[in-house]
Structure formats: structure tokens, C-alpha cells
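The values are calculated or read from the model by the stated rules, or taken from the named source; none is laboratory data. Remember, it's a predicted structure, so these values are computed and weren't measured experimentally. Because the Cβ atoms are built from the backbone with ideal geometry, glycine has one as well, and the counts that use them run over all protein chains shown.
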Amino acid sequence: MTTDGQIVFIVDDDERIREALSELLAAHGMRAVAFGSAGDYIRADKPDVPACLILDIELPDINGLDLQRQIAEGDHPPIVFLTGHGDIPSSVRAIKHGAVDFLTKPFSDADLMAAIHAAIAQDRAQRSERAELGVLKQRYLELTPREREVLPLVVSGLLNKQAAAELGISEVTLEIHRRNVMQKMVAASLADLVRIAERLGIPITHSRRAGGS
């Protein structure tokens, strides 16, 4: 019985390895798609589901470590490296740049499956994080221009009087905007709003100053 909603990509120029890995994954109820080169993998249409990329180091068109670097800027699956030519510098470089594991052939099925499960769990968590961030960004876009001015002042810790003076508006008007920001961003408290602002990368450009209430 296959596990729906997840996939394992295999990139290895050795057909025997691709077949063996595909059979192993099928035996564990996991869907696999194999490629003989990095180019084939890059050009392929990929389902938008939690995934893992099993990647060989020595490929016919590019070094696996170089491919890892090239796709680092995108939303690519966590990588598990497999290689018959492992060395310490390569493994350090791979792990430093986010690889889940670096296995040297021959490897045990148990070690590989553990790495694959860890990679898919990591991808699932990252996808959830990106989805949550997408919701926050959409909420931010629904703020009015004035509310977007109020937000950084509020999370900077300024008192209502100070924030109002900064914008040249009354405290009452400031409080209305502040309440709207809290509601639209679905923030239960100021601390919650501060965390949301941090996730959105909204800079805190002011510090709380003495005076006023």
C-alpha cells in the first residue's frame, strides 16, 4: 500500500542503483521517481507534495554538491546524498548547506530509510511554515497604508501618545488603527503581533522613549 501525498526523487547515473532504490522504496510503500542526470531532474514537472531528493555526488552533467548549491535559493526538497566516493570535505560541505544525511555506498537500508523519513518530515514542516507565512503576508496586504505605518510603531514598543505624535494624528485615531491592525493580523496580544512582525521581516526602527502614557 503506497503512502499518498509524498514522493522521493532519485538522481543517480547508475541504472542499477536507480532500480534498486525504486524497489526498496516501493517495498516500503513509498512513491519514487528516478532520473539519470541533474538536468532531467531539473526539467521534470514535480508534484507539489512533501518530498525528498536522493542525490548522487558524481553525475554525468554536474557534481551533486554543485546542484545542491544551484537549487538552494528555491523551494527544493531536503537532500540525502549517496556516493561511492565519499570524503570528509564533501560530507561537511553537504551537511553545512542543509543536506539531511551523507551516506557512502554500500549503505544499509535502515540508514537510508531513516534519512528519507527525516527528510520528508523536514519538508512537511517547511511547507507548513511557508503556508503560514503566506497567510500572514496576505493579511499584511489587507492593511491600509496608514495601518502599515502604525504596525512598526506599535511593535517597536512606543506608547500610543508617542506613536500618534510620530504620525501626526490623535491618540484616539491611533488607537483605532492599532485595534484594526490587531484584528486584521489576527494577533491575540502585543507579543503575538511582535512575533508576526518578526516573521514578516518588518523592521523595528523606533525604540520606546520616556514620557507620555
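Being at pLDDT 95 or above and closer than 19 Å to residue 146 by Cβ is true for just one of 196, 202. Which residue is that? Walk me through how you get there before you give the answer.
On the way: 202 fails: at pLDDT 95 or above.
Just a single option satisfies the conditions, and that option is 196.
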Residue under evaluation residue 203, criteria (1) surrounded by 12 or more Cβ atoms within 10 Å (Cβ to Cβ); (2) free of Cβ contacts under 8 Å to residues at least 60 places away in the same chain; (3) touching a helix residue (DSSP H, G or I) at 6+ places or on another chain (Cβ under 8 Å), criterion not met: (1)
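Per-residue answers, yes or no, for (1) buried (at least 16 other Cβ atoms within 10 Å of the Cβ); (2) on the phi > 0 side of the Ramachandran plot:
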residue	(1), (2)
150	yes, no
153	yes, no
157	no, yes
163	yes, no
169	yes, no
172	no, no
178	yes, no
Single condition residue 137 does not satisfy, out of (1) assigned to a helix (DSSP H, G or I); (2) assigned by TED's automatic domain parsing to the domain that holds residue 20; (3) at pLDDT 90 or above: (2)
For residue 187: the one exception among (1) in a loop (DSSP other than H, G, I, E, B); (2) in contact (Cβ under 8 Å) with a residue 60 or more places away in the chain; (3) of a type in the set (Gly, Ala, Ser): (2)
